[in-house]
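Notes for the one structure printed next.
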Amino acid sequence: MSHNDLDELIRLFSKLPGLGPRSARRVVLHLIRQKEALMAPLGAAIGRAMESIRTCTTCGNLDTNNPCAICSDTRRDPSVICVVEELADLWAIERCNLYKGQYHVLGGTLSAMDDRGPAQLNIEPLIARAAKDNVHEIILATNATLEGQTTAHYLSTRLESCNVRISRLAQGIPMGGELDYLDDGTLGAALKARLPA
């Protein structure tokens with residue numbers, strides 16, 4: 001391995017989230033020390049993933065099949081679609097193992113600062129899915145950020161013409177949270193979203 005190859009590996013690893021140049025150097029050195037046990041299998045796995053992983057044309061999930069395993073699962077409720085910003089959000093909801101409906105990945109949020117409008121997001125396919133007779137509820141599971149709220153408001157407006165119930169994830173006090181330590185926005189959201197006791 002030439003010095004240029006090392007520099008290129010470090011440069012590529014430093015582009016990954018959470019890895020700067022220093023962390024990337026440590027990762028690359030660790031891989032080189034573990035060539036047979038780590039580097040060779042990692043290279044082979046990346047090559048296979050490049051060939052086999054594709055985007056689900058129904059929901060935007062990543063899988064080796066199209067439609068993905070979630071969209072193909074007949075045990076899931078096709079009448080409910082949970083709209084998320086990114087794939088990581090879909091995975092987070094799946095981790096809790098409580099939601100048994102379908103998903104729709106937007107691919108981001110509306111953002112004037114980043115010059116990202118409706119045309120840059122996976123919105124039109126969502127409207128088409130929501131207009132189908134078998135869809136009864138759309139859950140807007142965008143983040144509680146300004147961009148997430150803006151996107152949810154825009155989607156609510158666009159979905160009004162479809163005959164579906166539109167809901168949002170509850171916001172407020174996290175499990176184990178103490179009122180004295182909560183920010184004003186979180187406490188305010190919890191007060192507005194209060195439930196009967």
Seminar exercise, completed: Flagged in region 129-155 as among the hydroxyl-bearing types (Ser, Thr, Tyr), assigned to a loop (DSSP other than H, G, I, E, B) and closer than 29 Å to Ser72 by Cα, in numbering order, are Thr142
Exercise. Here is a list of conditions, (1) assigned to a helix (DSSP H, G or I); (2) farther than 23 Å from Arg76 by Cβ, and Leu126 meets all of them except one; can you say which number that is?
Worked result: (2)
For this session: Tell me, yes or no, whether region 44-62 has at least one residue that is touching a helix residue (DSSP H, G or I) at 6+ places or on another chain (Cβ under 9 Å), in a loop (DSSP other than H, G, I, E, B) and open to solvent by 40 Å² or more (accessible area, probe 1.4 Å).
Result: yes
Problem set entry | Single residue of region 63-74 satisfying the filter (within 22 Å of the chain's Cα centre (by Cα) and part of a loop (DSSP other than H, G, I, E, B)) that is surrounded by the most Cβ atoms within 10 Å (Cβ to Cβ) | Cys68
Exercise. Just to be sure, is Tyr99 closer than 17 Å to Ile166 by Cβ, in contact with a helix residue (DSSP H, G or I) (Cβ under 6 Å, 6 or more places away or on another chain), open to solvent by 20 Å² or more (accessible area, probe 1.4 Å) and at pLDDT 95 or above?
Worked result: yes
Exercise. If we scan region 79-89, do we find a residue that is surrounded by fewer than 19 Cβ atoms within 10 Å (Cβ to Cβ), within 16 Å of the chain's Cα centre (by Cα) and hydrophobic (A, V, I, L, M, F, W, C)?
Worked result: yes
Problem set entry | Matching entry among Ala49, Ala24 (being of a type in the set (Gly, Ala, Ser), within 22 Å of Glu8 (Cβ to Cβ) and in contact (Cβ under 8 Å) with a residue 12 or more places away in the chain) | Ala24
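The values are calculated or read from the model by the stated rules, or taken from the named source; none is laboratory data. All figures in this text were calculated on a predicted structure; none of them were measured in a lab. Positions of Cβ are generated from backbone atoms using ideal geometry, with glycine treated the same way; all protein chains shown enter the neighbour counts. The area values use the complete protein model at the heavy-atom level, side chains included, leaving out ligands, DNA and RNA. Shrake-Rupley method; radii C 1.70, N 1.55, O 1.52, S 1.80 Å.
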